[in-house]
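Report on the structure given below.
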Amino acid sequence: MNKEKCCTISCENPLDQNYWDTQYQCNSTGWDLGCVSPPIQTYIDSLSNKDISILIPGCGNSYEAEYLLKQGFSNVTLIDIAPTLIATLQQKFKNNLNITIILGDFFQHQAKYDLILEQTFFCALPPSMRQKYVWKMHHLLNKNGILAGVLFNKEFASGPPFGGTKKEYKLLFDRAFELVSFETARHSAIPRANTELAFQFRKNNEVVVTLYNINGITHNESKETVGQNLAKNKSVLNVSISNDFTTILVVSKTEIPVQLLQTAIGSNKHYEITKHEDDTIQ
């Protein structure tokens, strides 16, 4: 898996547009399989409705999109933050009316989809953004929409890519999504054999998924305490706090007023919770 280490510039630099564009400018794309991911190809082959709206975020060289179009899918959208890549894709697909290519920040994207395909986007994000990832995916999917693809089932010393475990992912997506299938990928490419989890998650339409900012948490012990206090609310189904202690994902039966959450986290005046600004525009 050394091939997965692909940084041209230091991974300590912010993982922003400049970082990712540099990778494409230098053709330093060690994560690129050069073909459609086999587990995703298997999943695509199981789909019968060719008219569903499909999004591929952090799309890279988009072999999955090529495959979808060849199979007759008619509504495919790609989004990536790297201008160099997007220019290449626009040229590559310039004569195809069944694909939309967007240069932009996935987390600012506003649309609705029946299916979102995950292929090396989740693992490219700093782990501190995983709660925001779940929140955004839930908001972008139509009723009963599906998030499907692959996740790494291994840890990396540093990243990107950033790995994780099946247990960790289950806790992260719990109640926001129904875990339709979630197992070790059977047909991974050789470089990723036995290190991928193939999954299919269905959006839970019966819940509210809200993102909050929190200030004042400084260590894991207080993180656990805050999470436990929030979970005591009868409407709360799942609470997940980012590893940098700044973001809280709350899955609940109904949306909970911020003041009630503020009360729930206790009398410690150092804790302050506010609704994430992006959540006000959904």
- Item | Residues satisfying the stated conditions in the stretch 144-176, i.e. over 28 Å from D16 (Cβ atoms) and under 13 Å from the mean Cα position of the chain (by Cα) | I146
- Query: Tell me, which residue of the stretch 267-279 that is open to solvent by less than 70 Å² (accessible area, probe 1.4 Å) and either touching a Phe, Trp or Tyr at 6+ places or on another chain (Cβ under 8 Å) or part of a helix (DSSP H, G or I) (or both) is modelled with the lowest pLDDT?
  - Reply: D279
- For the stretch 189-266, which strands (runs of 3 or more DSSP E) that fit wholly inside it have 1 or more residues that are over 17 Å from the mean Cα position of the chain (by Cα) and exposed (fewer than 15 other Cβ atoms within 10 Å of the Cβ)? 208-215
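A quick yes/no check of all residues on (1) hydroxyl-bearing (S, T, Y); (2) surrounded by 17 or more Cβ atoms within 10 Å (Cβ to Cβ); (3) within 13 Å of I44 (Cβ to Cβ):
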| position | (1), (2), (3) |
| --- | --- |
| E64 | no, yes, yes |
| T77 | yes, yes, no |
| Q91 | no, no, no |
| I99 | no, yes, no |
| D105 | no, no, no |
- Task: Find all pairs meeting these conditions: Cβ atoms under 9 angstrom apart; at least six residues apart or on different chains; first residue within the stretch 207-225 and over 19 Å from S252 (Cα atoms); second residue of a type in the set (K, R) and open to solvent by 80 Å² or more (accessible area, probe 1.4 Å).
- Result: G216/K269
- Item | Count of residues meeting criterion [under 26 Å from G30 (Cα atoms) and open to solvent by less than 20 Å² (accessible area, probe 1.4 Å)] in the stretch 107-123 | 6
- Which numbered condition trips up E168, out of (1) open to solvent by 40 Å² or more (accessible area, probe 1.4 Å); (2) modelled with pLDDT of 95 or more; (3) closer than 20 Å to I40 by Cβ? (3)
- Query: Is it the case that the stretch 142-154 has a residue that's part of a helix (DSSP H, G or I), aliphatic (A, V, I, L, M) and open to solvent by 10 Å² or more (accessible area, probe 1.4 Å)?
  - Reply: no
- Item | Condition met for L179 (within 27 Å of V236 (Cα to Cα), in contact with a strand residue (DSSP E or B) (Cβ under 7 Å, 6 or more places away or on another chain) and open to solvent by less than 10 Å² (accessible area, probe 1.4 Å)) | no
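The values are calculated or read from the model by the stated rules, or taken from the named source; none is laboratory data. Nothing here was measured: the structure is a model prediction, and the numbers come from that model. Neighbour counts are summed over all protein chains in view; Cβ atoms, including those assigned to glycine, are modelled from backbone coordinates with ideal geometry. These accessible areas exclude ligands, DNA and RNA; they are computed on the full protein's heavy atoms, side chains included. Shrake-Rupley method; radii C 1.70, N 1.55, O 1.52, S 1.80 Å.
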